[in-house]
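Here's the structure we're looking at; comments come further down.
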Amino acid sequence: VQPDYQGTSSAGGIRDLIIGNTDFAGADLRMSDDEVARVEGGVVQLPMTAGAIVFVYNLPGVDDLKLSREALIGIFSGDIKRWTDPRIAAANPGVELPDKPVTLVARVGASGTTYNVTRHLSAISPALAEQVGVTMSPVWPDALASRGALVKGSGNDGVAALVDALPGSIGYVQYAYGHLTRMKMAALENKAGEIVAPTVQGFTAAVDAVRTEATEAALRDPDAPGAYPLIAVSWLLLPKQYEDAEKRAALIDVLRYALGPGQKDVERLGYIPYTEAVLESLRAHLDELDPR
């Protein structure tokens, strides 16, 4: 059995799983009850790993950009037009910000990463909650497109490549895409009013807060000291029924490895390690698939 994984999008993975094009899928959000009902026999949904979403940016000479909530909202609403805007400068004293237009790089098409970004933006801005909402396929404010400040890339890698190519740009990607390519990533203001850099320590504090209070509100905006404010869970989606027993057995063996010895690579790959208790709970879910 030769595994093959194509990184497309959460929406694409869910769609392919439903129509039977794939044996498993990954997504940054759970399938809805209606979507699960369209897969014969049902679906096991494993919160396989936790990660963060970061804002990569291209500002020559600015190595440690800090963004308050006011600044982040201003960038996504299109109200902030240049990097020298006082709302950005206020959190970056002593930093010589370039007098360049702000260009936002977003995802093209339906995206789980975008879903999690809009979920966070909606939590911190009633105006964006009403104007954009929580969605995989947002219509971004007209103020961005009308001045040519909105560019779209395909996938996390496409967004990262565009940011790398466009001075004055900022875009959102899964942390691994910034971490592994050594791109500059902005620190963000959290619910406690702290500016937190995208580090494993900040991510772990956020995940611990969500474990303590595993609610939609906690995922939208983790409430804990030192918590990085924008995290996401990556779900592995597996049909409960497989016609090919050897294929099913091979897939389960891969997952048992990933939830066991493979955990040594989680942090290196840019994700947040789970506790042993959480891993044991996830392993138990595999029993629904494994008749052995």
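The values are calculated or read from the model by the stated rules, or taken from the named source; none is laboratory data. Being a predicted model, the structure only gives us computed values, none of them experimental. No Cβ is skipped: glycine too gets one built from the backbone with ideal geometry, and neighbour counts run over all protein chains shown. Only protein heavy atoms, including side chains, enter the accessible area calculation; ligands, DNA and RNA are left aside. Shrake-Rupley method; radii C 1.70, N 1.55, O 1.52, S 1.80 Å.
Annotations
- Span from the the range 243-292 Cα centroid across to the the range 93-115 one, whole angstrom: 35
- Nearest 10 degrees, 0 to 90: helix 155-165 Cα axis against the chain principal axis: 30
- Highest-first packing order for the peptide set 126-132, 20-26 is 20-26, 126-132, based on the mean count of other beta carbon atoms within 10 Å.
- Under 15 Å from the Glu288 label point (7 Å along Cα→beta-carbon), backbone N, the range 28-59: 30-48
- Per-residue ellipticity at 222 nm computed for the chain from its helices equals -10500 deg cm²/dmol, with DSSP H segments shorter than 4 residues left out and the rest contributing -39,500 (n - 2.57).
- The slack in the chain from Ala250 to Ser137, taken as 0.36 nm per residue of separation less the alpha-carbon distance, amounts to 37.2 nm.
- Spin-label model distance (nm) - Ala176 vs Ser32, 7 Å beyond Cα toward Cβ: 2.7
- Label zone at Ser146, where the point sits 7 Å out along the Cα-to-Cβ direction: the range 117-136 residues whose backbone N lies under 19 Å: 127-133
- Under the criterion of Cα pairs below 8 Å and six or more residues apart, the relative contact order for the range 114-167 equals 24 percent.
- Acute angle (nearest 10 degrees) that the helix 245-258 long axis makes with the longest principal axis of the chain, alpha-carbon atoms: 50
- A 1.4 Å probe run over the range 1-150, with the rest of the protein chains in place, finds 45 Å² accessible per residue.
- Point-to-point label distance, Gln263-Asp99, nm (Cα→Cβ direction, 7 Å offset): 5.5
- Here each label is just a point 7 Å from Cα along the line to Cβ, and for Gln45 and Ala277 those points are 2.3 nm apart.
- Candidates per GluC sites (Glu not before Pro) in the range 138-235, loop by DSSP, up to 14 other Cβ within 10 Å: Glu213
- Angle between the chain longest axis and helix 276-286 axis [Cα atoms, degrees, rounded to 10]: 50
- Local charge for Ala197 was computed over the other residues whose Cβ lies under 12 Å away, with Lys and Arg +1 and Asp and Glu -1, and equals -2.
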